[in-house]
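What follows is a single structure, written as C-alpha cells, with notes after it.
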Amino acid sequence: MTHGENPVIEDFALIHDGERILETGIWSELNETFSGEVEDLGDVTIAPGLINAHVHLELSHLKGKTVQEQGFTNWIKSLLSNPLYDLDTEAVRDAVQQMCAEGTAFCVDISTRNGAQVAGIMDELTMGFYACCEAIGVQEPKEGAKFFPQKEFNHGRAAGSGHSLYSTGAELLQAVKAANDAAGLPYPIHLAENEEEDEIVAHGTGEFAGMLKGAGLLADCGNKGLRPVEYADSLGLLDDSTLAVHCVRVADSDINILAERKVNVCLCPRSNTYIGEGRAPWEKILKSGINTCLGTDSIASNHDLSMWNELEYLLKNIKISLSTAEALALVTTNSAKALKIDDLYGSLDKGKRAVYAIIPSHLEDLLF
C-alpha cells in the first residue's frame, strides 16, 4: 500500500470503525493486540481513496452522444443537440456506483441545473463530494444573493463555481468567489481550455462568440488582448483557494502567474483529447511547483469516469519521470490539498475517512 512519506509499506493494515481510520501499521504487529473482524484483501496494493477533482454528473446520460476530436465549437454544437439538463437519475446513480467501485471516494461535481438532485444521490451512496452550483450568465449578482444552498449533507457540501470567463459576467464570478471564500470552500472555474476562449477573452470575436451572443451568454471581457489567465488575475480570481480546470492554453508567463498566486490546477487529459483541444503543458505545470491534480470531466467528453484510466493516460504520455508518490499524489494528496479536505482524505492516516482504492495490477509497472 501507499502511505504518508514512505510510499510503499509491505504487509500494511488499518483498523477502522466503518467511518474513520483508528490505527495503521504493519499487520504482524497490529495483530498482536487487535481482536475483531478481519478482512484480508490478499496480494494487492492499496492507495488512499481517489479524488476526482472535476466531473459533471448531470450529463451522465450523454455517453457517446457527442463528436470526438473535432474541436471545441463542434463539440459544443453536438452537446447542445442533446437534452442536456433532463436529469436521468439512474444514469447518475450508475455513474456514482461505478466510480465508488473503482476506488473514487470524493468528487467535485459541477451542475448547472441539477445540483441538489445529484448531491442527494452522491450522499445516499456515501460518495464524498462538493456539489457545485455553476454560475453562468452575464447578469449582475443581486445584493445578498445565495450562490449555493445552505443544506446539510452527511458526506459532502454545496458550493459555488464559475463556468468560465467568457460565459459568466465578471461581477458574478467575483461574487461567487467571495461567497466560497467566506464559507472556506475551494473555487472551481474552467480556465484556458481552448482557442475559442483565447479569442473571446482577447478580442470578443469568433464563431463561438457569436453563438454565445445569440444565447445572451457572451461576457464582456474588455477586449484588451489579455490571455485568459491574465484576465482572471486582473479580476482577483486567482489565489490558493482557486481550482483552475484544464489550463490547456497556458504560456510560460501564465504558468508563472498561477504559481505565484498558488493556484491549484486540475488537468483533464482525456477530455481535452476527446474534444480535440490539444493538451496542457503537463511537464511545465508540474515542474513549476503548482499543486496539480486530475479530473475526468463529464462522460460527454470522456470514455469513462475512471481516475485510474485518467492517471494511466497521463503516465503513458508525459515526457518527464514521476515517482510513485508524485504520480499517486495527482489523484490523492494533491487533490485533497486543493479542495481543503486533507483532514479527511488524501492519505491513509489515523482520523481520516476509512476509504481506499486497490491499484489495478496492470498499472503497477507504471507506478512502481
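The values are calculated or read from the model by the stated rules, or taken from the named source; none is laboratory data. No experiment lies behind these values; they were computed from the predicted model shown. Virtual Cβ from ideal backbone geometry, glycine too; neighbours counted across all protein chains shown. Side chains are part of the model used for accessible areas, which takes the heavy atoms of the whole protein and leaves out ligands, DNA and RNA. Shrake-Rupley method; radii C 1.70, N 1.55, O 1.52, S 1.80 Å.
Which of ALA192, CYS293, ALA280 sits closest to the plus end of the dipole of the chain, meaning its Cα is farthest towards the positive end, when Lys and Arg get +1 and Asp and Glu get -1 on the C-beta?
ALA192
Using a Gaussian network model on the chain with a 10 Å cutoff between Cα atoms, which of TRP75, TRP27, TRP308 fluctuates the most?
Answer for the Gaussian network model of the chain: TRP27.
Can you tell me the dipole magnitude for the chain around its Cα centre, using point charges on the Cβ only (Lys, Arg +1; Asp, Glu -1), in Debye to the nearest 20?
Result for the chain is approximately 1100 debye, rounded to the nearest 20.
What longest region of the chain stays clear of GluC sites (Glu not before Pro) that DSSP places outside H, G, I, E and B and that have at most 14 other Cβ atoms within 10 Å?
After excluding every exposed loop site, the longest remaining stretch is 153-368.
Can you compute the helix-only [θ] at 222 nm over the chain? Use -39500 (n - 2.57) per DSSP H run of at least 4 residues, normalise by all residues, nearest 500 deg cm²/dmol.
So the helix-based figure for the chain works out to -9000 deg cm²/dmol.
Return one number: the angle in degrees, 0 to 90 and rounded to the nearest 10, between the long axis of the Cα atoms of helix 89-101 and the longest principal axis of the Cα atoms of the chain.
40
Assigning unit charges at the beta carbon (Lys, Arg +1; Asp, Glu -1) and nothing else, what dipole magnitude in debye, to the nearest 20, does the range 158-263 show about its Cα centre?
Here the range 158-263 has a charge dipole of around 240 debye.
Which loop trypsin sites (Lys or Arg not before Pro) in the range 205-270, with loop taken from DSSP, have no more than 14 other Cβ atoms within 10 angstrom of their Cβ?
Hits after loop and neighbour filter: LYS224, LYS262.
Which whole-number percent gives the relative contact order of the chain, counting Cα pairs below 8 Å spaced six or more residues apart?
Relative contact order comes out at 22 percent.
Working with all protein chains in place, sort LEU30, LEU294, LEU41 by solvent-accessible area computed with a 1.4 Å probe, largest first.
Order by accessible area, largest first: LEU41, LEU30, LEU294.
Which of LEU173, LEU243, LEU218 moves the most in a Gaussian network model of the chain with Cα springs under 10 Å?
With Cα springs under 10 Å in the chain, the top fluctuation among LEU173, LEU243, LEU218 is at LEU218.
Put +1 on the Cβ of each Lys and Arg and -1 on the Cβ of each Asp and Glu in the chain; which of PHE147, PHE368, SER347 then has its Cα farthest toward the positive end of the dipole?
It is PHE147, whose Cα lies furthest towards the positive end.
Just one of (i) 0.99; (ii) 0.94; (iii) 1.10 is Cα Rg over 2.2 N^0.38 Å as worked out from the coordinates here. Which one is it?
Comparing each candidate, only (i) matches the computed number.
Which of LYS63/LYS146; LYS177/LYS287; LYS65/LYS142; LYS287/LYS340; LYS177/LYS213; LYS77/LYS146 have a Cα-Cα distance over 29 Å?
Table pairs above 29 Å Cα-Cα are LYS63/LYS146; LYS65/LYS142; LYS77/LYS146.
Go ahead and set up a Gaussian network model of the chain, Cα springs under 10 Å, then flag whichever of GLY120, GLY346, GLY169 fluctuates most.
Taking springs between Cα atoms under 10 Å, the residue moving most is GLY120.
Identify, among ALA327, ALA101, ALA202, the residue whose Cα sits farthest towards the positive end of the charge dipole of the chain, taking +1 on the Cβ of Lys and Arg and -1 on the Cβ of Asp and Glu, with the dipole about the Cα centre.
ALA202
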